[in-house]
Amino acid sequence: MNRDDRGLVLEADKLCLKFGAVEPLKDLSLAVTERQIHSVIGPNGAGKSSLLNCLSGFYHPFSGSVRFLGEDISAMPPYKRAAAGIARTFQGIQTYPSMTARENILSGFHCRMKGAVFSALFRPPWAVRQEEEFCAKAERIVEFLELEEIRNRIVGDLSYGLRKRVDLGRALALEPRLLIMDEPMAGMSPEEKGDLARFILDIRDHFHIPIILVEHDMEVVMDISDAITVIEFGRVIAHGRPEEIRVNPAVIAAYLGGEAA
Ligand SMILES: Nc1ncnc2c1ncn2[C@@H]1O[C@H](COP(=O)(O)OP(=O)(O)O)[C@@H](O)[C@H]1O
Ligand SMILES: [Mg+2]
């Protein structure tokens, strides 16, 4: 794996984002290192989703740069960033409701697939092998996320928590080198949150990749994060380990002054 000496996987440098008079990000920098659960927190409207959109390429900052595994990816479109290994789960539900859990996970391999139309028409031996390999990998993801019992169920019939877990499986099928999650626990029961927190820790430990997590549930954030960056009005107001963030006066003021997020 291509990394720089400090173990940096992703580095956003002085991002400025503007939509007319609105400036969701102002000189915002973020550094994510190997095997790190890095949470980004802040009040509603602070710029968290905008930041994630700049990292995955959906928004283009007015100035600043994004480096991934040592390469400047600032000009790369989202699909190329995905192919380079930046996987993402979105706010809300992004699964295909009429497909099964297993098929949804298989859909994640699509950007790793070679010659899709050719191989579907002519079925050369290498394409059959590729398909078998993807099926075996999908099966490993099903087992990892404990989805065995629902692998052949239609996703539209599943609970919210399970659908989010299937979406996570789809993101893992990309064989990511960085996973970005935007409020994955919103709308989940405490039990579902506990399960997902455990899977996030397992992803760090088994897949050895960092995770950027935007999450409102502070208990979960404090529990599982290795590092926390706090943003307010598009700027970083604090960065540190959970125990440092908990007692940081600027963070306490931001949360007491605004709405509890
Ligand atoms: N596409 C957009 N066009 C205009 N304004 C936007 C757009 N995306 C985000 N914003 C604005 O940027 C600010 C930060 O939003 P967002 O990044 O969604 O915050 P958060 O995820 O922290 O709640 C808000 O004022 C929002 O209205
Ligand atoms: Mg948001």
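The values are calculated or read from the model by the stated rules, or taken from the named source; none is laboratory data. As the structure is a computational prediction, the values presented were derived from the model and not from experiment. So basically every Cβ, Gly included, is an ideal-geometry build from the backbone, and we count neighbours across all protein chains shown. These area figures cover heavy atoms from the full protein model, side chains too; ligands, DNA and RNA do not enter into them. Shrake-Rupley method; radii C 1.70, N 1.55, O 1.52, S 1.80 Å.
The table for this structure:
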{"item": "Filter pass, residue 198 being among the charged types (D, E, K, R), open to solvent by 50 Å² or more (accessible area, probe 1.4 Å) and more than 18 Å from residue 28 (Cβ to Cβ)", "result": "yes"}
{"item": "Residues of the stretch 31-42 that turn out to be under 13 Å from residue 238 (Cβ atoms) and outside any strand (DSSP E or B), as a count", "result": "1"}
{"item": "Residue in the stretch 14-35 that is at pLDDT 95 or above and within 30 Å of residue 150 (Cβ to Cβ) present", "result": "no"}
{"item": "Any chance residue 185 is within 19 Å of residue 47 (Cα to Cα), part of a strand (DSSP E or B) and within 17 Å of the chain's Cα centre (by Cα)", "result": "no"}
{"item": "Single match in 35, 81, 67, 102 (criterion: on the phi > 0 side of the Ramachandran plot and either more than 14 Å from ligand 2 (Cβ to nearest atom) or of a type in the set (A, V, I, L, M, F, W, C) (or both))", "result": "35"}
{"item": "Single condition residue 104 does not satisfy, out of (1) crowded, with 20+ Cβ neighbours inside 10 Å; (2) in a strand (DSSP E or B)", "result": "(2)"}
{"item": "Top-ranked residue of the stretch 190-219 - restricted to ones that are more than 20 Å from residue 33 (Cα to Cα) and not charged (D, E, K, R), ranked as nearest to ligand 1 (Cβ to nearest atom)", "result": "216"}
{"item": "Residue satisfying all of: in the stretch 19-52; within 13 Å of the chain's Cα centre (by Cα) and closer than 18 Å to residue 255 by Cβ; nearest to ligand 1 (Cβ to nearest atom) among these", "result": "48"}
{"item": "Residue within the stretch 196-211 that is in a strand (DSSP E or B) and of a type outside the set (Ser, Thr, Tyr) present", "result": "yes"}
{"item": "Matching option when the condition is among the β-branched types (Val, Ile, Thr), over 14 Å from the mean Cα position of the chain (by Cα) and surrounded by fewer than 21 Cβ atoms within 10 Å (Cβ to Cβ), among 230, 236", "result": "236"}
{"item": "Residues within the stretch 174-187 that are more than 16 Å from ligand 2 (Cβ to nearest atom) and open to solvent by 10 Å² or more (accessible area, probe 1.4 Å), tallied", "result": "4"}
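Yes/no matrix, rows are residues, columns are (1) touching a strand residue (DSSP E or B) at 6+ places or on another chain (Cβ under 9 Å); (2) within 16 Å of ligand 2 (Cβ to nearest atom); (3) assigned to a strand (DSSP E or B); (4) of a type in the set (Asp, Glu):
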site	(1), (2), (3), (4)
24	yes, yes, yes, no
29	yes, no, yes, no
46	yes, yes, no, no
49	yes, yes, no, no
55	yes, yes, no, no
